[in-house]
Each structure stands twice: as structure tokens, then as C-alpha cells.
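No value in this document is a laboratory result; all are computed from the given coordinates. Owing to the predicted nature of the structure, the values given are computational and were not obtained by experimental measurement. Cβ placement follows ideal geometry from the backbone for every residue including glycine, while neighbour counts extend to all protein chains displayed.
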Amino acid sequence: MGNLSTFKFFILSGLQDSGVYKPLYFLLVFVLYILIIIVNLTLIFIVTVDRSLHEPMYIFICNLCANGLYGTVGFYPKFLLDLQSDIHIISYSWCMIQTYVIYSSALCEMTILTVMCYDRYVAICRPLQYHNIVTPRAVLKLLVLAWSYPLLSAAIGTLLTSRIPFCGSHIYKLFCDNASMVCMSSSEARTKFSKTCVPHIVVMNLR
């Protein structure tokens, strides 16, 4: 079994069957990426400029857009480069960074949406007390929590992943993630299970 000292690069095998469609895929993905950037930046700009939109819900939406931009950076640039190349290699360091960005972005989206749900709950169920509960200070605290918890959790997860021995240098996906870096293939897992767990199960049943 290899470990950090053995594998300095990972091979992303998710694009092996794309073949002659790569230019088309590149164009579609590039247009989608540009569209995501334009839409999110436009929404952030509108909320920032229009003072009438300086309300908690629009501030949360603005943060959701910012997280969308952050998350796409972890996937689309590398994916576009891979669509232009026949060799899909990513270094250990960049693989860890990509894993962190993708996981933290996904967690941030969930926490920001949770904060938005809380805001709507207060607005609907306690409308007369809304401005006393969802104050600017409360909004700031909610946003700090919504960002800090996912970023810290993803950092801990990525750090723990970096300390686990790797079972191979191939990742059968378009991007890096924890499970792909440390889990064995199904055949390897079955073999290891049959060698280690089955004898114990048999002995326990005989007793």
C-alpha cells in the first residue's frame, strides 16, 4: 500500500471515454462557467449597490452567490484544463486543495441555506419581533457561523485525509475527493474482507 511518500501525483480517470467530444464538452463547460461567474457577480453587484436591498435575506443571498463563485474555482478551471489535455494529472498538493474547496463550498451552501431558513422562519412566525431578533449584529454572527464552521470542518477532514495511507494513484472521477484517495477498489476490499473478517465471523458463530 502506498502512502504520501510514494504518490506525489494522482491520475484523474473520469474523462477516459470522452474521446472526440472533448472540444464540444470544453465549449459547453466554458460557457457554463462564464455564465455562473456573470450571474453570481451581477447579483452581488446589485445587492451591494442598491441600498434598498440591504436587508438580511438579500445579504444571505449575496453570501450564497459568493460561495458559488468560491466553489466553482475548485472544479471548473482544472476540468477545463483536462478537457484540453490527454493526460489528466493533478499534484498531491492541488488534489488536497481541490478536495478542501469542494467540500467546504458544499458545507457552506448548506449552512447559508440553513441561516436563510431561520431568517424566513422568524419573518413568518414572529413578524412583529423580526427586526428585534434579526438585527445587523445577529446577521453578522449568523454569517460568521455559516462560514467558519464549514471551513474549519473541511480543513480538519482534509488534514485527516492527508494522514491516511493511499491505496493507489488513480482517481476514477473528474475531481479529487476524500473517498477516492483513501478507499480501495471493490475487488481489493472484498479480498481484504475475506482474509480478515470472515475467519472471525466463523469463529464467533461456532462459539
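Here is how the numbers come out for the structure above:
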read-out	value
Ordering of 59-68, 111-120, 28-37 by packing [mean C-beta count within 10 Å, highest first]	59-68, 111-120, 28-37
Segments 99-108, 152-161, 72-81 sorted - mean Cβ within 10 Å per residue, highest first	99-108, 72-81, 152-161
ILE133/ILE36 FRET efficiency (R0 41 Å; Cβ-Cβ; nearest 0.05)	0.75
Net charge of neighbours whose Cβ lies under 9 Å from the Cβ of ILE90, counting Lys and Arg as +1 and Asp and Glu as -1	0
